[in-house]
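**Q** My questions all concern the structure below.
None of the figures in this text is laboratory data; all of them are computed from the coordinates on show. Here the structure is a predicted model, which means the values were calculated and not measured. We place every Cβ from the backbone using ideal geometry, glycine too, and count neighbours over all the protein chains shown.
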Amino acid sequence: MQRDYKSFRLDWLTIILFFLLVGFGWVNITSASHVGDIIEYFDMNQPYGKQSFFIVLTLVLIVIVLSIEAKFYERFASIIYIFSIISLIGLFLFGKNVNGATSWYAIGGMTLQPSEFAKFATSLAVAKYISDMQTNITTLKDQLKTMAIIVVPAILILLQNDAGSTIVYAGFFFVFYREGLQQIYLIICTAIIFLSVLALKFGILYTSIISAVFILALYFYRRKKKSSIIQSIVILLLCIGFSFGIKYFYTDILKDHQKDRISLWLRLEKDPAKLELMKKKEAYNLLQSEEAIKSGGFTGKGYLEGTRTTGKFVPEQHTDYIFSTVGEEWGFLGSALVVILFVALLIRILHLAELQKSQFSRVYGYCVASILFVHFMINVGMVMGLIPTVGIPLPFFSYGGSSLWGFTILLFIFVKLDSNRINEW
């Protein structure tokens, strides 16, 4: 028995960081959603009461995930992934529409969001395929197959009008890069983002000029390496063509509210009257969130003392905008603490991933870190106005059972895999 006990060691630092984030999240959900002076912590009519119930079920979920044999997750990764895809397809027939997105199943008085569980299912499938002995991620064939595993759930989620959850799947790029994806892909992705911002902000003409100057400078820099002028011209033409495509996509394909959010982010609107109207319609949440964070100062106004939080100035503050509650009531110190906790968790996961003997466990660990990082970066950036408004929760922090359970399963599967690290595979 002693030998069995030693062969499975849970990483308690990861678990402690998880509970700190969940606990502090619940404290802020309570502040953002309470009504009146009296707080009944298990009032199921209030978000904080429901979140208490979700946390209790989360404890049960953790026990179940940790009780299952570690090798189970690798053996049945494909089946778990298929069930996840079926659950996403089923939404088109039986899904409930909430705020324009058909992303939930209504079960009694509760709702369940399959896209939150699709993240760990896709992570398992990606880890399973990449770790297969016949897979070589540096070849185009295997790159396309791996991308297909990611694109299928992403498209299904996008078709449900949930663009925020779709964006998260871009985080798998970090996993591929760790496993040997060529550097050219990183350069292309960076160029796409750079060109998109330039084309929208400054127009096609200036974007073409800037691209030409950069490519010309690069050509002369690499001339000793026999850089081809034809290749440079082709790249320039591709940049110009992409700029036209971005303009067309922004003008003719994006919906009005999506264009307004990008326009506000990049400050594209010059007409003061239209700008003011857009702020009232699309940027109200963001403006109130920024004001709440600024009003918190260095130390914050104190727990349950945030005037904008208790006054309900920020809509949906207990969900996607929960970080604004932290900024107002706990100030810079509290906000920095939350950031430090998330960064510590991410670093710990990456450290443990590098210690894995199994490629499956390592790849899955990187999937976990990538998904959590994208959620954290986008949510905090959105709340502070650094990123366009996207409906995406802060992991372990925002209100919601599906979100909490999905992230919990995602993380604790890795905790279980890591606990089996010292055993032979």
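**Q** Using θ = phi - 60° and the Karplus curve 6.51 cos²θ - 1.76 cosθ + 1.60, what whole-Hz ³J(HN,Hα) does each residue of the stretch 96-113 get, with Gly and Pro shown as x?
**A** 9, 8, 10, 6, x, 10, 8, 10, 10, 9, 8, 10, x, x, 10, 10, 10, 10
**Q** Taking springs between alpha-carbon atoms closer than 10 angstrom, which of GLY245, GLY311, GLY109 fluctuates most in the Gaussian network model of the chain?
**A** Answer for the Gaussian network model of the chain: GLY109.
**Q** Given a 10 angstrom Cα cut-off, can you work out which residue in VAL374, VAL383, VAL56 is the most mobile in a GNM of the chain?
**A** VAL56
**Q** Which of the peptides 57-67, 167-177, 22-32 is most tightly packed, and how do the rest follow, going by the mean number of other Cβ atoms within 10 Å of each residue?
**A** Answer by packing, highest mean first, reads 22-32, 167-177, 57-67.
**Q** Per residue of the chain, what 222 nm ellipticity follows from adding -39500 (n - 2.57) for every DSSP H run with n ≥ 4, rounded to the nearest 500?
**A** Details: 18 runs with 295 residues, N = 425.
Per the formula, -23000 deg cm²/dmol.
**Q** By the scheme Lys and Arg +1, Asp and Glu -1, what is the net charge of all other residues having a beta-carbon under 13 Å from that of ILE246? The partial results should precede the final answer.
**A** Values: positive: LYS201, LYS247, LYS259; negative: ASP252.
Summing Lys/Arg as +1 and Asp/Glu as -1 gives +2.
**Q** What Kirkwood radius, in Å to one decimal, follows from the Cα pairs of the stretch 323-363?
**A** Values: mean 1/r = 0.0850 Å⁻¹.
Taking every pair of different Cα atoms in the stretch 323-363, averaging 1/r and inverting gives 11.8 Å.
**Q** Here's a follow-up. With 20 Å as the cut-off, how large is the P(r) tail for the stretch 174-245, expressed as percent of Cα-Cα pairs?
**A** So the pairs more than 20 Å apart make up 38 percent of the total in the stretch 174-245.
**Q** Okay, moving on. Any of LYS145/LYS357; LYS128/LYS416; LYS50/LYS255; LYS96/LYS128 with alpha carbons more than 22 Å apart? Name them for me.
**A** Violating the 22 Å Cα-Cα cut-off are LYS145/LYS357; LYS50/LYS255; LYS96/LYS128.
**Q** Just check the stretch 276-425 against the gyration tensor rule for me: Cα atoms, a ≥ b ≥ c as the square roots of the eigenvalues, rounded for a/c under 1.5, and otherwise prolate or oblate depending on whether a/b exceeds b/c. It would help to have the intermediate numbers written out before the result.
**A** Working: a/c = 2.80, a/b = 2.21, b/c = 1.27.
Note, shape of the stretch 276-425 comes out prolate.
**Q** What are the ³J(HN,Hα) couplings of the stretch 56-68, residue after residue, when phi is run through the Karplus curve with 6.51, -1.76, 1.60 and θ = phi - 60°? Round to Hz, x for glycine and proline.
**A** With coefficients 6.51, -1.76 and 1.60, one gets 4, 5, 4, 4, 5, 4, 4, 4, 5, 4, 6, 7, 6 Hz.
**Q** State the Kirkwood hydrodynamic radius of the stretch 13-77 in Å, one decimal place, computed from all pairs of distinct Cα atoms.
**A** Across the stretch 13-77, the inverse of the average 1/r is 13.7 Å.
**Q** Given contacts defined as C-alpha pairs under 8 Å and at least six residues apart, what's the relative contact order of the chain, whole-number percent?
**A** Relative contact order of the chain: 27 percent.
**Q** Ok, one more. Bin by bin, in steps of 10 Å, what percent of the Cα pairs in the chain do you find, going until the bin that has the longest distance?
**A** 4, 19, 27, 26, 16, 6, 1, 0
**Q** Going by average Cβ density within 10 Å per residue, which order do the peptides 144-155, 327-338 take, highest to lowest?
**A** Details: 144-155: 16.8, 327-338: 20.8.
Descending packing order for the listed peptides: 327-338, 144-155.
**Q** Next question, about the same structure. Rounded if a/c is under 1.5, else prolate if a/b is larger than b/c, else oblate: which is the stretch 333-390, with a ≥ b ≥ c the root eigenvalues of its Cα gyration tensor?
**A** Judged from the Cα gyration tensor, the stretch 333-390 comes out oblate (a/c at least 1.5, b/c at or above a/b).
**Q** Let a ≥ b ≥ c be the square roots of the eigenvalues of the Cα gyration tensor of the stretch 50-157; is it rounded (a/c under 1.5), or, if not, prolate (a/b larger than b/c) or oblate? Mind showing how you got there, number by number?
**A** Details: a/c = 2.96, a/b = 1.39, b/c = 2.13.
In terms of gyration-tensor shape, oblate.
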